[in-house]
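The values are calculated or read from the model by the stated rules, or taken from the named source; none is laboratory data. Values in this document were obtained by computation on a predicted structure and should not be read as measured data. Neighbour counts run over all protein chains shown; Cβ positions are idealised from the backbone, glycine included.
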Amino acid sequence: MIKRVDELPAVLTCFAYRREYFAEMEGMLATVREHHPDWPIVAGRGPVEGFDLPTLEVESPLGKSYWTIPVPLELDGSENDWLRVVRVKGWWLAQVWRNCAGLVDADFCRVVWADADARFNGALDIEVEPDAEVVAGPWWHDREGKGLDTICSGLLLFQGAKEGVVGEILNQWSSNCLAQIRNLPVQNKPWPDSDQEVLTEVLGSFSNSAASFSLIKLEMDKYVGYPIKDGKLVKRALVDSWYMIDKMRLPETREAAWPPPEEYRRTAAIGTPLPGWNPDDDRRE
Amino acid sequence: MNIMYIVQHWPSLFETYMCREVQWMKNRGHKVAVVSLGSEGPMGFRGVSGYIDPSALGLDEVPVLRLEAKHLSKDEMAGEANSFARRHNADLIDAHFAREPAEVACDVHAASGIPFTVRMRGGDVHSNTSPKLGSIVDRASAICPVSQFLADVLVGRRKLKSAPNGIPADVSPGKLRVLPYNLSAKYLSREPAKQSDDVQIVGSIGRLVPLKRFQDIIAAVAGLSREFPGLRLLIIGGGVLEADLLEQARRLGVADRVEITGFKSWDETMHLAGRFHIYVQPSELEGFCLTAVEAAFKGVPLVLSRTGIHEECVEPGTNGYLFDAGDVAALRGHLRSLLSAGANRRREMGSASLEIAGGRFSEENVMPRIESVFQSAISGAALPS
């Protein structure tokens with residue numbers, strides 16, 4: 001029987017690597033707690049000082065722990081920092097699946113990832129067969145047919161048996177992301193390619209295998225909606241996405257006053273101008 | 001004390017004694033931290049799911065460093081473990097067991113001077129020794145096999161058919177102490193198992209792999225089936241040999257008397273073990289064999305092969321018998337003795353099992369010994385005898 005995911009137990013997870021993301025993630029988690037008060041949360045913050053390798057402090061109902069990312073990130077202030085940190089996501093989700101998914105069921109896992117800059121305006125309504133192997137995420141359709149279709153990893157749902165095909169997908173995604181952190185690939189997309197392109201490729205390879213899973217392609221506007229147009233708040237999605245990438249990807253934008261204050265994001269009426277908006281600074285529109 | 005445990009995987013469903021030890025040390029007021037190397041556990045348990053909630057054991061406040069052995073070099077693991085040891089002001093590192101955890105502990109000791117102790121289980125000594133075993137036993141403050149059998153194999157007092165590399169090892173007698181696995185006395189039955197002259201269930205627990213020699217029990221039971229019409233065999237466990245063992249029972253005409261349960265959780269296993277009247281463990285080789293102790297805690301007579309902890313579990317004639325692994329005739333003979341002895345005598349022997357195992361393997365008796373070894377390792381004093 002199909003159910004909405006908000007009627008099912010799930011682990012919500014995210015990590016914030018670099019201090020700029022800490023408050024951002026807190027804001028996201030507050031909206032998750034509001035709409036999914038029963039979901040256990042696994043949240044990481046890093047880097048923790050004093051370790052040679054990049055290490056995150058992890059809080060969950062299981063207690064406090066430290067997870068060491070098994071590759072050096074070698075952050076040097078360049079754009080590569082962002083390209084490496086986002087790829088930690090694949091490894092992180094495989095770890096959560098392995099170590100924490102039992103928080104809701106010993107053998108069957110359901111894990112939801114939300115980016116730190118996501119804000120939930122309601123409970124997730126993704127519909128799933130509760131015991132099926134499922135990957136769900138917003139899907140970008142390449143209307144020009146260049147083969148660039150991709151899952152968008154700002155919000156993801158993974159569901160399946162602990163040792164099932166979705167677990168294998170996560171392990172493969174993790175391995176590929178770690179390999180790319182060590183050796184960043186040449187950028188060959190119209191946008192900076194990241195963990196989501198790695199996941200798209202892995203999903204493609206598993207779609208061609210005998211192992212069976214369902215890929216649910218969610219509407220982007222609803223699940224990673226961008227609320228701003230022409231310097232104004234124009235809409236609210238079920239999950240808003242506030243594009244920290246605009247601040248954190250390039251070295252020259254890291255001091256930018258972005259995203260807007262939390263209060264604006266949560267309470268501003270439709271049509272409210274962005275505080276301090278300058279059309280000349282707007283890169284997204 | 002500030003103790004930092006280094007383990008293969010935390011928390012592990014199949015090594016719950018670790019959780020209990022950490023809990024016990026914490027309750028004694030010691031500060032405890034855990035480094036989980038994320039390496040594989042015992043082969044036979046791969047693919048078997050399970051989950052432990054540390055908060056249910058009061059362990060959610062224990063800081064844990066999670067590493068992934070398959071992606072990290074030994075140097076990287078030692079570096080991270082050393083940073084974690086500094087963060088927690090560790091006085092002592094306790095490595096479970098003498099493979100990767102002890103190798104990392106040895107490297108952290110070399111870099112930091114923090115003393116370390118090593119727990120040794122079966123595979124570490126009798127089959128899959130660390131290539132660094134020599135350095136480990138040389139530098140550790142205490143080497144602690146889980147049974148006297150393993151201690152004897154380690155130092156060459158007891159010979160195996162085929163000894164792995166590094167065995168026997170040159171271990172100073174002053175640093176060798178046996179620290180057995182243990183069970184809380186709350187699991188010790190108040191009374192011996194009820195016995196019957198009508199039905200007698202011979203039980204055994206374990207992974208269905210060749211080393212456990214479950215085929216010997218089936219053969220022994222088949223040889224007694226005509227003499228003892230109430231005789232049954234209950235094997236709690238699963239594994240690669242399940243179909244072969246059932247086929248053997250069918251071939252020997254005792255299929256209706258043999259039940260194999262498949263893998264069960266610990267709670268389910270303990271519940272099912274409550275049906276046993278006699279416990280048999282015919283293993284070729286064990287490092288410890290906790291199931292024999294668990295059965296003894298149920299208050300049944302024991303028939304055990306001479307390996308692992310078995311010789312410490314049984315006082316022959318008092319609470320059971322010992323035999324050489326593979327000697328089906330001896331096993332059958334011991335079972336015949338127990339079955340012929342009658343329910344009252346078996347009950348007396350079950351009572352003796354409670355006394356012997358409760359005294360030697362209860363958490364309440366073993367944990368203080370572990371604590372004393374740790375304290376001596378930190379202070380540099382001679383280890384307690």
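For (1) assigned by TED's automatic domain parsing to the domain that holds residue B:270; (2) closer than 25 Å to residue B:266 by Cβ; (3) in contact (Cβ under 8 Å) with a residue 24 or more places away in the chain; (4) part of a strand (DSSP E or B), each residue gets a yes or a no:
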position: B:193; (1), (2), (3), (4): yes, yes, yes, no
position: B:197; (1), (2), (3), (4): yes, no, yes, no
position: B:202; (1), (2), (3), (4): yes, yes, yes, yes
position: B:207; (1), (2), (3), (4): yes, yes, yes, no
position: B:219; (1), (2), (3), (4): yes, no, yes, no
position: B:222; (1), (2), (3), (4): yes, no, yes, no
position: B:227; (1), (2), (3), (4): yes, no, yes, no
position: B:232; (1), (2), (3), (4): yes, yes, yes, yes
position: B:235; (1), (2), (3), (4): yes, yes, yes, yes
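Table: residues versus (1) among the charged types (D, E, K, R); (2) surrounded by fewer than 20 Cβ atoms within 10 Å (Cβ to Cβ); (3) part of a loop (DSSP other than H, G, I, E, B).
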{"site": "B:159", "(1), (2), (3)": "yes, yes, yes"}
{"site": "B:165", "(1), (2), (3)": "no, yes, yes"}
{"site": "B:170", "(1), (2), (3)": "yes, yes, yes"}
{"site": "B:178", "(1), (2), (3)": "no, yes, yes"}
{"site": "B:181", "(1), (2), (3)": "no, no, yes"}
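In the stretch A:59-97, how many residues are polar (S, T, N, Q), within 20 Å of the chain's Cα centre (by Cα) and within 13 Å of chain B (Cβ to nearest Cβ)?
If we filter the stretch A:59-97 for residues that are polar (S, T, N, Q), which is where we start, we get A:60, A:65, A:68, A:78, A:80, A:95.
Imposing the further condition that a residue be within 20 Å of the chain's Cα centre (by Cα) reduces the set to A:60, A:68, A:80, A:95.
Right, trim to within 13 Å of chain B (Cβ to nearest Cβ) and you get A:60, A:68, A:95.
Residues that pass the stated criteria total 3.
Here's a check for you: in the stretch A:22-55, which residue that is in contact with a helix residue (DSSP H, G or I) (Cβ under 8 Å, 6 or more places away or on another chain) and within 10 Å of another protein chain (Cβ to nearest Cβ) is farthest from residue A:175 (Cα to Cα)?
So the residue we want is A:50.
Does the stretch A:158-175 hold any residues that are under 20 Å from the mean Cα position of the chain (by Cα) and either surrounded by fewer than 20 Cβ atoms within 10 Å (Cβ to Cβ) or of a type in the set (Lys, Arg) (or both), and which are they?
Result: A:167, A:168, A:171, A:172, A:175.
For residue B:35, all conditions in the list (1) under 27 Å from residue A:104 (Cβ atoms); (2) assigned to a loop (DSSP other than H, G, I, E, B); (3) modelled with pLDDT of 95 or more hold save one; what is the number of the exception?
Condition (2) is where residue B:35 drops out.
Being touching a Lys or Arg at 6+ places or on another chain (Cβ under 8 Å) and within 14 Å of chain B (Cβ to nearest Cβ): is that true of residue A:9 here?
yes
Mind checking which residues of the stretch A:177-212 are surrounded by fewer than 19 Cβ atoms within 10 Å (Cβ to Cβ), touching a residue at least 12 places away in the same chain (Cβ under 8 Å) and within 14 Å of another protein chain (Cβ to nearest Cβ)?
A:182
Would you check which residues across the stretch B:318-347 are buried (at least 18 other Cβ atoms within 10 Å of the Cβ) and closer than 18 Å to residue B:195 by Cβ and list them?
B:319, B:320, B:321, B:334, B:335, B:338, B:339, B:346, B:347
Here are the criteria: (1) small (Gly, Ala, Ser); (2) modelled with pLDDT of 95 or more; (3) more than 18 Å from residue B:232 (Cβ to Cβ). Tell me which single one residue B:265 does not satisfy.
Checking residue B:265 against (1) small (Gly, Ala, Ser); (2) modelled with pLDDT of 95 or more; (3) more than 18 Å from residue B:232 (Cβ to Cβ), the one that fails is (2).
Return the residues of the stretch B:348-369 that are charged (D, E, K, R) and crowded, with 19+ Cβ neighbours inside 10 Å; say none if nothing qualifies.
The initial filter retains those residues of the stretch B:348-369 that are charged (D, E, K, R), namely B:348, B:355, B:360, B:363-364, B:369.
Within the stretch B:348-369, B:363 is the sole residue that qualifies.
With the stretch B:55-155 as the region, which helices (runs of 4 or more DSSP H) entirely inside it contain at least 1 residues that are away from chain A (no Cβ under 14 Å)?
Answer list for the stretch B:55-155: B:100-112, B:122-126, B:133-139, B:148-155.
What do you reckon, is residue B:235 at pLDDT 95 or above, under 15 Å from residue B:328 (Cα atoms), in contact with a helix residue (DSSP H, G or I) (Cβ under 8 Å, 6 or more places away or on another chain) and buried (at least 21 other Cβ atoms within 10 Å of the Cβ)? It would help to see each step written out before you state the result.
Working: at pLDDT 95 or above: yes; under 15 Å from residue B:328 (Cα atoms): no; in contact with a helix residue (DSSP H, G or I) (Cβ under 8 Å, 6 or more places away or on another chain): yes; buried (at least 21 other Cβ atoms within 10 Å of the Cβ): yes.
No.
Checking residue A:224 against (1) surrounded by 19 or more Cβ atoms within 10 Å (Cβ to Cβ); (2) without any contact (Cβ under 8 Å) to a residue 40 or more places away in the chain; (3) closer than 23 Å to residue A:4 by Cβ, which single condition isn't satisfied?
(2)
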